[in-house]
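The values are calculated or read from the model by the stated rules, or taken from the named source; none is laboratory data. Keep in mind that what you see is a predicted model, and the values were worked out from it rather than measured. Every residue, glycine among them, receives a Cβ derived from its backbone with ideal geometry; neighbour counts consider all protein chains shown.
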Amino acid sequence: MSSNGSRIEIPASIVVRDLAQMIEKSPIDLIKKLMTNGVMATINQAVDYDTAAIVVAEYGFEAVPEAVEEEAKEESGEVPMWRQMIAGEDKAHLKARPPVVTILGHVDHGKTSLLDAIRSTDVAAGEAGGITQHIGAYQVEMKGRLITFLDTPGHAAFTQMRARGAQGADIVILVVAADDGVMPQTREAIAHAKAARVPIVVALNKIDKPNANPDRVKQQLAEMELVPDDWGGNTMVVPVSAKQKKGIDDLLEGVLLVADSSEIKANPSGKVIGTVIEAELDKSKGVMATLLVQNGTLESGDVVVAGTAHGKLRAITDYKGKPVKKAGPSTPVAVMGLSDVPSAGDLFEVVESEKEARVIVGERLEAIKTQAQSRKKLSLEDMFSRVQAGEAKELNLIVKADVQGSLDPIITELNKLGAGEIGIKVLHAETGNIGNNDVMLAAASKAIMIGFNVQADVDARRMAEKEGVDIRLYEIIYRMTEDIEKALKGMLEPDYVEKILGKATVLQVFTASKFGRVAGCRVVDGELKRGAKVRLYRNSDIIYEGDLSSLRHEKDDVKEIRQGYECGVGFKNFADIQPGDSLVCYILE
Ligand code: GDP
């Protein structure tokens, strides 16, 4: 990387500290700038080229991609941090590592049974007495090769991990029950895997059941662009019975085949990073965490930072509970020694010293505080500016509607809108109310949630608030298309939120020559401000809404007046005021 005047060459991925050095700015300043662009990164973390280009532009630099990295560049900023780190490694040092697999699928289609069946095929695990401790991940051997399974409870965890940009799996096994077929959570799982660009191997489960109908399921999969290999497509569909433990070897072989075609590598001697699979506080042992090493080799005695937790690792054990000294890429381990309980999905890294760890955690805590203050909602209004800034090439949408009959025309309309310069991508469309999972998917894929004749569950709303997801509910198709069309043109009126400044009660009404009818009020809460908006209530009916045009305290014009004081208030073009009315003063933000 080099800089030439205001032009700088930036690699596919660059550590924040190095980037700061290149442009001769303080790393803290840079971290803040990244945050205002919605990217949360610490001094030791890497950002991708696109992100770096945007922030350096804000400092007046023009970024150009470093010449050699062309082919390594992935399609968009969706790439998890650990993948970016590995992409930044010297190719000569990359070695094949076991694929990391997660199992997704509709409830009751047999995820747990399949995980158990796979686990019990592993002879080594059996030798340990059959009592494998449950640490949220395990490995099995197939033809002398290892496969790592994430054994997290269902896909809530998968979504959460992805929402944090730390999605850990290389391959998804999608379980579909042969007697039940593609169901809502199957579709959701497909949407997740596609958004994360993780290949899918289908386990066609419950093939032992008399009413199993594999062809019907294959037809359904084909309709979702997962064309089975025996139908000439690219998706491996393996018939299995988790219950009778049949087809498991074929499934694992399928996984290895897919792994072979997807460059699953890491540098065992590189920087140690990985993802927290799960963590909890054990009364006697302290913080117990399961980590998945993704690059480098973790050793006992290493100082680790995981999210905002840190510590020197005291003991490392493998998934069988056996103490180990080292763990290389794709190895899940249980560790002790962290100061705090990190969250599942947090990225972890090994740092030089405990002192450095404390500095990083301090910065992170600070960053979280600032981010919470300046958290920008990923709203339809912001979309256009993101597209303009080159941060997004298309508008991602997740659509929920009351009935299939309305879903189809909505998607047709949206596709029409998306034919212009800025594309529209419907990541997931389904009937039913907006739930938590929908919001998590929207957060993970930076999508806007569209609801048509449906509601958003209370939990989903709360989650949307927390994750900054914009939920837009419509009852008329053209209202929705109108909004989206406006957003694509950057013309959408921003959503205003009302902020209440204060409340007052009208004590008496008098006439002033200059102002007309004036309400003599007492401020009972907060303050009143001249020029703010005001709403007048009689009993509980709103009788006036408009501007607070004049405000006087005794004989003086004032700009504002606080709780406990009396004042005279005049309203623009409104005279029907009565004692006992109450008024609320607010502004729109
Ligand atoms: P999950 O909700 O996806 O984790 O599904 P479970 O693994 O809990 O399985 C749901 C039900 O399906 C259980 O009653 C299992 O015994 C049953 N089941 C799972 N796999 C098979 C299978 O291959 N054949 C049959 N007949 N039943 C199965």
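Scan the stretch 397-416 residue by residue and report those that are surrounded by fewer than 20 Cβ atoms within 10 Å (Cβ to Cβ) and of a type outside the set (Lys, Arg). Scanning the stretch 397-416 gives Asp402, Val403, Gln404, Gly405, Ser406, Leu407, Asp408, Pro409, Ile411, Thr412, Glu413, Asn415. Taken together, the residues in the stretch 533-579 that are touching a residue at least 60 places away in the same chain (Cβ under 8 Å) and under 20 Å from Ala512 (Cβ atoms) amount to 5.
Filtering the stretch 308-334 down to residues that are farther than 13 Å from His134 by Cα and of a type in the set (A, V, I, L, M, F, W, C), which residue is farthest from the chain's Cα centre (by Cα)? If we take residues in the stretch 308-334 being farther than 13 Å from His134 by Cα and of a type in the set (A, V, I, L, M, F, W, C), then Val324 is farthest from the chain's Cα centre (by Cα).
For residues that are crowded, with 20+ Cβ neighbours inside 10 Å and modelled with pLDDT under 95, tally how many sit in the stretch 255-266. Selection size over the stretch 255-266: 3. If I filter the stretch 218-225 for residues that are at pLDDT 95 or above and basic (Lys, Arg), do I get at least one hit? Yes, some residue in the stretch 218-225 is at pLDDT 95 or above and basic (Lys, Arg).
Each row is one residue, and each column tells you yes or no for (1) away from the ligand (no atom under 14 Å from the Cβ); (2) more than 20 Å from Asp179 (Cα to Cα).
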residue: Leu221; (1), (2): yes, no
residue: Gly232; (1), (2): yes, yes
residue: Val237; (1), (2): yes, no
residue: Gly247; (1), (2): no, no
residue: Val255; (1), (2): yes, yes
residue: Ser262; (1), (2): yes, yes
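Which of the residues spanning the stretch 267-307 are over 25 Å from the mean Cα position of the chain (by Cα), in contact (Cβ under 8 Å) with a residue 60 or more places away in the chain and surrounded by 24 or more Cβ atoms within 10 Å (Cβ to Cβ)? Listed by number, the list is empty, since nothing qualifies. Does Thr412 meet the test of being of a type in the set (Ser, Thr, Tyr) and under 24 Å from the mean Cα position of the chain (by Cα)? Considered against the rule, which asks whether it is of a type in the set (Ser, Thr, Tyr) and under 24 Å from the mean Cα position of the chain (by Cα), Thr412 comes out as no.
Please tell me if Gln185 is under 28 Å from Gly233 (Cβ atoms), surrounded by fewer than 22 Cβ atoms within 10 Å (Cβ to Cβ) and at pLDDT below 85. Spell out the reasoning first.
Working: under 28 Å from Gly233 (Cβ atoms): yes; surrounded by fewer than 22 Cβ atoms within 10 Å (Cβ to Cβ): yes; at pLDDT below 85: yes.
Yes, satisfied.
Considered as a group, the residues in the stretch 87-115 that are of a type in the set (A, V, I, L, M) and more than 16 Å from the ligand (Cβ to nearest atom) include one that is surrounded by the fewest Cβ atoms within 10 Å (Cβ to Cβ), and that residue is Ala92. For Asn211, indicate whether it is surrounded by fewer than 24 Cβ atoms within 10 Å (Cβ to Cβ), over 19 Å from Ser445 (Cβ atoms) and not charged (D, E, K, R). Considered against the rule, which asks whether it is surrounded by fewer than 24 Cβ atoms within 10 Å (Cβ to Cβ), over 19 Å from Ser445 (Cβ atoms) and not charged (D, E, K, R), Asn211 comes out as yes.
Output the residues belonging to the stretch 169-179 that are within 13 Å of the ligand (Cβ to nearest atom) and either without any contact (Cβ under 8 Å) to a residue 24 or more places away in the chain or surrounded by 19 or more Cβ atoms within 10 Å (Cβ to Cβ) (or both). Lay out the reasoning, then the answer.
Just the residues of the stretch 169-179 that are within 13 Å of the ligand (Cβ to nearest atom), to begin with: 173-179.
Passing the criteria: Ile173, Leu174, Val175, Val176, Ala177, Ala178.
Select from the stretch 466-482 the residues that are in a helix (DSSP H, G or I) and either surrounded by fewer than 18 Cβ atoms within 10 Å (Cβ to Cβ) or not assigned by TED's automatic domain parsing to the domain that holds Ala443 (or both) and list them in ascending order. Lys466, Glu467, Ile477, Tyr478, Arg479, Thr481, Glu482, listed by residue number.
Does Glu9 satisfy the criteria of being over 24 Å from the mean Cα position of the chain (by Cα), among the acidic types (Asp, Glu) and assigned to a loop (DSSP other than H, G, I, E, B)?
Values: over 24 Å from the mean Cα position of the chain (by Cα): yes; among the acidic types (Asp, Glu): yes; assigned to a loop (DSSP other than H, G, I, E, B): no.
Taking the combined requirement at face value, the residue does not satisfy it.
Based on this model, can you work out whether Asn211 counts as more than 17 Å from Ser113 (Cβ to Cβ) and free of Cβ contacts under 8 Å to residues at least 12 places away in the same chain?
Numbers: more than 17 Å from Ser113 (Cβ to Cβ): yes; free of Cβ contacts under 8 Å to residues at least 12 places away in the same chain: no.
Spelling it out, it is not the case that Asn211 is more than 17 Å from Ser113 (Cβ to Cβ) and free of Cβ contacts under 8 Å to residues at least 12 places away in the same chain.
Could you say whether any residue in the stretch 194-213 is within 11 Å of the ligand (Cβ to nearest atom), within 21 Å of the chain's Cα centre (by Cα), assigned by TED's automatic domain parsing to the domain that holds Thr112 and modelled with pLDDT under 90? No: zero hits.
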